[in-house]
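The values are calculated or read from the model by the stated rules, or taken from the named source; none is laboratory data. Computed from a predicted model, the values in this text were never measured in an experiment. Don't worry about glycine lacking a Cβ; one is built from the backbone with ideal geometry, like all the others, and counts go over all protein chains shown. Just the protein is used for accessible areas: all its heavy atoms, side chains included, with ligands, DNA and RNA removed. Shrake-Rupley method; radii C 1.70, N 1.55, O 1.52, S 1.80 Å.
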Amino acid sequence: MKRSFYLALVLITTLVSCNRTKSPDVKGIEVDFELIPFYEELFAIAPDNFQYEAERMKEKYGSYLEAYSMGIIRIGSTEDEDFVGNMSFFLAYEPNKEVLDTVNIVFKDRDALRSKLEKAFKHYRYYFPEALIPDVYLHISGFNQSIVIDSSWVSISLEKYLGRNCDFYERLAIPVYLRRFMSPEKVVPDVMLSIGMTEYPYNSKTDDLINQMIYEGKMRYFVRKMIPDIPDTTLFDFNTTQMEWVRNCEKDMWQMIVEQKHLFDNDRMVLQRYIGKSPFTYYLGQESPGGAAIYLGYRIVESYMKRYPETTLADLMKINDGSQVLKEARYNP
């Protein structure tokens, strides 16, 4: 019995340790950004009083308010004649008040959120010394985009991260497999993933499965470098069972893709079935998680970086030829 427990403990320790990457010392790195609870100030305005506060809000928030109004809650420009009426309606909309109450409960500890963002931004500055550290706004969007990025700021729809069991998601009939992406622990990883994808957009000359896999894998590798202690389940959006499945079936998955000659396939449906968000990966069976090929892409990138340790993260992010990465990685699961 003691021996079985010991072996189980060793296994757990091994699984946990292989999910970690060596973290650089970032204590001395300074990052300057503001965490701005925009939604608090906006929803503190009584709907009937917004007409008296509109000009003050325009002056204070400028281009951000314009982006929020037009691109996030989609009520039109702040210069439109019906802007005040539309915003007043948005503030008075009863479901938004219920969402606000829940957001205030789930995200009451903003110091903790700021600390996690600061740690990730310090790693970002470590690997990319010239990078701009954006201000971070917090907003309520009416369940629109999770993360919105501009040249100098990132904005987070907090109601998209209230926890996979949140009643709102049930009412909105959001599929269960998508709700696992909607928890507070996903906020900072999603911010960093969005920054990575914005700074290094997909730019392959050949849009086939291997290029998609390498790009998505490269982005997860980037996130892990920004958040070295991120659990694999959070990084890949898998539950524990799914994570165990991809680890155990890595070789079989790879062989299946190669044997089916899908690796260089550019059919949009094939790509979606391997990479897209879904209950499971179509070609790999119902026990597989959706987007399982992203995990393989990540493993190929890991193999590449181990073979070429002199390659910096900035160098990696600039590589757009997935086939070349695969060839040089000598990936052999």
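For the stretch 95-203, run through the GluC sites (Glu not before Pro) and keep only the ones in DSSP coil with at most 12 other Cβ atoms within 10 Å of their Cβ. Listed in order of number, the matching sites are Glu130.
Express the carbon and sulfur contribution to the solvent-accessible surface of the stretch 135-237 as a percent, rounded to the nearest whole number, probe 1.4 angstrom.
Working: 1770 of 3650 Å².
Ligands and nucleic acids excluded, carbon and sulfur reach 48 percent.
One decimal place: the segment Val176-Met256 gains 26.1 nm when fully extended, by the rule 0.36 nm per residue minus the C-alpha distance. Estimated at 0.36 nm per residue, the fully extended path between Tyr283 and Asp111 surpasses their Cα-Cα distance by 57.6 nm.
Taking the C-alpha atoms only, the angle from helix 110-127 to the longest principal axis of the chain is near 50 degrees. Per residue, the chain exposes an accessible area of 52 Å² to a 1.4 Å probe, with every protein chain left in place.
For a straight C-alpha distance cut-off of 18 angstrom, the lysines reachable from Lys277 (same-chain residues fewer than eight places away being disregarded) are Lys160, Lys186, Lys218. Phi angles across the stretch 313-318 convert, under the Karplus curve 6.51 cos²θ - 1.76 cosθ + 1.60 with θ = phi - 60°, into 3J(HN,Hα) values of 4, 4, 4, 4, 5, 8 Hz, Gly and Pro given as x. For the stretch 86-93, the Karplus equation 6.51 cos²θ - 1.76 cosθ + 1.60, evaluated at θ = phi - 60°, returns couplings of 5, 5, 4, 5, 4, 6, 7, 4 Hz by residue, with Gly and Pro reported as x.
Restricting the stretch 87-151 to trypsin sites (Lys or Arg not before Pro) that sit in a DSSP loop and have at most 11 other Cβ atoms within 10 Å of their own Cβ leaves Lys108. If R0 is 56 Å, the Cβ-Cβ spacing of Asp207 and Glu55 corresponds to a FRET efficiency of close to 0.75. In this model, which of Lys122/Lys205; Lys205/Lys225; Lys122/Lys318 are farther than 29 Å apart at the alpha-carbon? As for pairs spanning more than 29 Å Cα to Cα, those are Lys122/Lys205.
Ranking Ile72, Met87, Phe50 by Cα position along the charge dipole of the stretch 43-101, where only Lys, Arg, Asp and Glu carry charges on their C-beta atoms, puts Ile72 farthest toward the positive end.
In the stretch 141-233, what trypsin sites (Lys or Arg not before Pro) fall in a loop by DSSP, with at most 14 other Cβ atoms inside 10 Å?
Lys205
Taking the charge dipole of the chain about its Cα centre, with +1 at Lys and Arg Cβ atoms and -1 at Asp and Glu Cβ atoms, the residue from Ala112, Ser204, Tyr161 reaching farthest to the positive side is Ser204. Couplings for the stretch 187-195, taken from phi via the Karplus curve 6.51 cos²θ - 1.76 cosθ + 1.60 with θ = phi - 60°, read 4, 5, x, 5, 4, 5, 4, 5, 5 Hz in order; Gly and Pro are left as x. Computing FRET efficiency as 1/(1 + (r/R0)^6) for Ser152 and Asp321, where r is the C-beta to C-beta distance and R0 is 22 Å, gives about 0.10.
Leaving ligands and nucleic acids out of the surface, order Glu216, Glu53 by accessible area at 1.4 Å, largest first.
Glu53, Glu216
Using the Cβ of Asp265 as centre and a radius below 13 Å, the other residues enclosed give a net charge of -1, where K and R count +1 and D and E count -1.
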